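Structure first, then comments.
Derivation of every value follows stated rules applied to the coordinates shown; laboratory data play no part. Keep in mind that what you see is a predicted model, and the values were worked out from it rather than measured. Cβ atoms come from the backbone with ideal geometry, glycine included; neighbour counts cover every protein chain shown.
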Amino acid sequence: MKLFNLELITNKRKIIGFSTFLILLSLIGILYSTFNTSYKKPINLGMDFVGGNELRIERVCEEKCSDISPDSVLDNLRVVSKNKNLANNIKLQFQNKNKLISIRTPYLSIEESNNLITNIENIIGPLNYESKNSRLIGPKLGKRLLTNCATSLFVALFAISFYITIRFDRKYALFALLALFHDLLIVFGIFSWLGIILSVEVNSLFAVSLLTIAGYSVNDTVVIFDRIRENLRSSNQGHNETIQLSVNESFRRTTFTSITTLIPLLTIILFGSYSLFWFSVSLSLGIIVGSYSSILLAPSFLLKD
Amino acid sequence: MRRRQGWLFLIILLLTLSIYLLINYPLQLGLDLKGGSQLTLQIIKEEGNVTKDELEAVNAVIDRRVNNLGVSESNLQTLGGDQLILELPGEQNPLAASRALGRTALLEFRTQKEGTSEDLKKLDLQKSKIEELIKLYSFAEKNLKGNEFLITIQDSLKEIEQKLNYSFNSNDLYGKLIEIKKYVEKEITNLFIKTDLSGKDLINAGRRQEQTNNNWEVLLTFSNSGGDKFAEITKSIAGTNQLLAIILDGESISEASVGSQFANTGITGGLATISGSFTAEDAKELEVALKGGSLPLPIEIVETNTIGAQLGSKNILKSLYAAVGGLVFVGIFMIFNYRILGFVSVISLVLYGFFNLALYSLIPVTLTLPGISGLILSIGMAVDANILIFERIREELNDGNTLTRSIDSGFQRANSSIVDGHITTLLSCFVLFLLGTNFVKGFAATLGIGVLISLFTSLNCSKTLLRFFTTYQSLRQKNLYLPKKKFSN
């Protein structure tokens, strides 16, 4: 019982072309982000990695919260705050029907941060301190986190590569890894673009999501390669035909798995806490790209011309 | 068959045990779910790495200080080789804690160099002027009409600058104030000579309100040898115009003369008071810092997270809805596609949930937001294992095999894929747990535990349950396993 019959053999060129296109697009995003943006990094690094102060607090309003433009608050803040440097470097947003204020500043001491809240309370009215969420990260720690995340990522990738090299023969391992780096590069590229267009920042959860994607992607590819290996041993059809058959046999499993993993992620995106939003988005993207690469791309590498 | 019943018995036993655990040892919630403050303290060492002994020594001092602060249920743990994480549940404003903890609290007793009285007088005058200016500044900072004060501050600062013949490095007003304050403090400290009496000679510290005014003073109790040293020092300067300075972290917090009546014996009794016009809060912070002893290495607070209690409970509810909602959808999807098999997987997923939570309370794992997302993802892994098996069973059935045989070989043939997939994920979790920050560790822990349990539930629980169901004749019709499909036999 097959949902589709995937014509892998005839479409090999299209698949590889499409992947090359996606990779090029990602590379352009990464390069553009490195040279043409204000932050000059391959990806827009968030507060976790560069340090700073992030503050979210709700206003206490009767029925409806009055409409205040962030600019007017900043103007007032410039008058009130004696630290001119600070007032010019604040990013201020109102969300959730003007109820939620979210503020980003460079690194502050706890005292300065408290002063800032008092000042803002003077300008826009009472705040609900029970709803406060504040993070202060020193620049030193940020740098450390960045190296820490990068190391974890590389060590884990190395460990995974090592494992599949022992489990499979070298050719299979190489292709599984190619598919894996393809997935990671594309997700990274998408977030480079998101950083350029929507100024989305990545935090340490993004690094975690890349690692999780790595695990999933390898898992998916391994399952299909397992099947191909098994069928090649027993099959009396041609090499390419057997691969195509194996992919079609595994197709249901891979899509079903992706769907069942995507469902909880979608519920987090829609109903979950805001801090998990981009994390879930990046995981979902990774799972979609990962399924594509393990169904179509990785087996295409194995096809003989 | 008997062997399978053994498994069934084991599963029921484990389930009862899990429920028992969950009732008696409730889950520990992280700060992001219950509200509170979290401080990350970085030990600063100029050269070389922080050794294990140094880390432990800092940990001990901070631990004593936290206890003296009187925050209930605080939690202090080391992270990596040179960081400490302090959690203060319920605390919404970590300012006081950060002040009492961040201080090195190196207490020194110094005697004044001879013939420096004039210099000291001059410096003390400037110091009090600067302190006034700083007070005025923070008042102006909070006041909407504070701008006129700033001009006053600027003018006075210029005057001090000329008197001290000092040139500034900072550009902004506040930076200048702090800079010159430090400079003056250093100059004052330089007028005094070190003695061998220090904070190490203390055995206790306390505080009390002065009787004549509202200021507070801090009481010091020396050890026996410390008391002797103190007597010796006070004897040497008694009746002269040299002062005794108490210096904390390089700043002179109190300077006092010793009366000539102490010229013979010095001040004995092993007690001293520091009266430097402290407020109640200042006195408490100093007491806490001194009681805990001085830090062997300075520390810096590199991260502060504060989460309001309301926000915490909101986070719980949201994640709970998301998780439960997601699971219900997954369950519907499985039953729709796999019928009886789907039903079996739903039961084994429920078991899976219980086992997971029970392990969290047993180990214990503190549940945080990233932890919850790790749990949700691990459920994805568990479902995946079931799907792999069921697809195989289906294929076997399609090939015309009997139900029992199909089930057996389905499990057998899916085995290697499942193990491979789980091991690669476990590897990532392992690395994340070893290298990751606290935040990341929570995720790695729940995902890792989930993957381990999934190996058990998907390979064993599902199989046992399926075997159990297939003992009933009415549940053995193939079309309960394969929807909309005609069979060849």
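So the values come out like this:
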{"read-out": "Within segment B:387-476: Cβ-based charge dipole about Cα centre, in debye rounded to nearest 20 (Lys, Arg +1; Asp, Glu -1)", "value": "220 debye"}
{"read-out": "Qualifying lysines (Cα of each under 24 Å from Cα of A:K40; at least 8 residues distant if same chain)", "value": "A:K91, A:K140, A:K143"}
{"read-out": "Simple Cβ-charge dipole of segment B:332-426, Lys/Arg +1 and Asp/Glu -1, about Cα centre, in debye nearest 20", "value": "160 debye"}
{"read-out": "For segment B:368-489, the spread of Cα positions along each principal axis, largest first, Å", "value": "58, 23, 23"}
{"read-out": "For peptides B:472-478, B:371-377, sequence by mean Cβ density within 10 Å, most packed first", "value": "B:371-377, B:472-478"}
{"read-out": "Exercise: per-residue mean of other protein chain Cβ atoms within 10 Å, A:156-164", "value": "4"}
{"read-out": "Shielding by partners, peptide A:209-219 (average Cβ within 10 angstrom, other chains)", "value": "6"}
{"read-out": "Percent of alpha-carbon pairs separated by more than 51 Å within the protein assembly as shown", "value": "31 percent"}
{"read-out": "Free-standing Cys, the protein assembly as shown [no other Cys Cβ under 4.7 Å]", "value": "A:C149, B:C429, B:C461"}
{"read-out": "Long-range HN-HN contacts of B:E210 with modeled amide H, under 5 Å", "value": "B:N215, B:W216, B:E217"}
{"read-out": "Sequence ranges B:357-370, A:60-73, ranked by mean other-Cβ count within 10 angstrom, highest first", "value": "B:357-370, A:60-73"}
{"read-out": "Separation of alpha-carbon centers, segment B:188-259 and segment A:167-203, rounded to whole Å", "value": "63 Å"}
{"read-out": "In segment B:72-153, the trypsin sites (Lys or Arg not before Pro) that fall in loop regions by DSSP, at most 13 other Cβ within 10 Å", "value": "B:K145"}
{"read-out": "Length-normalised contact order of segment A:165-266 in % [C-alpha pairs under 8 Å, at least 6 apart]", "value": "23 percent"}
{"read-out": "Axial C-alpha extent at least 20 Å, average Kyte-Doolittle at least 0.5 - helices from chain B (DSSP)", "value": "B:2-24, B:309-362, B:369-398, B:403-435, B:438-456"}
{"read-out": "Neighbour-count order for B:M381, A:M47, fewest beta carbons within 10 angstrom listed first", "value": "A:M47, B:M381"}
{"read-out": "Shielding of B:373-386 by partner chains, average beta-carbon count, 10 Å", "value": "6"}
{"read-out": "Chain B - percent relative contact order, Cα under 8 Å, separation 6 or more", "value": "22 percent"}
{"read-out": "Burial ranking of peptide ranges B:89-96, B:287-294, A:159-166, B:421-428 (average Cβ count within 10 Å, highest at the top)", "value": "B:421-428, B:287-294, B:89-96, A:159-166"}
{"read-out": "Enclosed volume per residue, in Å³, of the convex hull spanned by Cα atoms of segment B:339-386", "value": "62 Å³"}
{"read-out": "Cα→Cβ-extended label distance, 7 Å offset, between A:K64 and A:L24, nm", "value": "5.1 nm"}
{"read-out": "Span-like helix ranges in chain A, DSSP H, alpha carbon extent 30 angstrom or more, Kyte mean at least 0.5", "value": "A:12-36, A:139-167, A:170-198, A:204-234"}
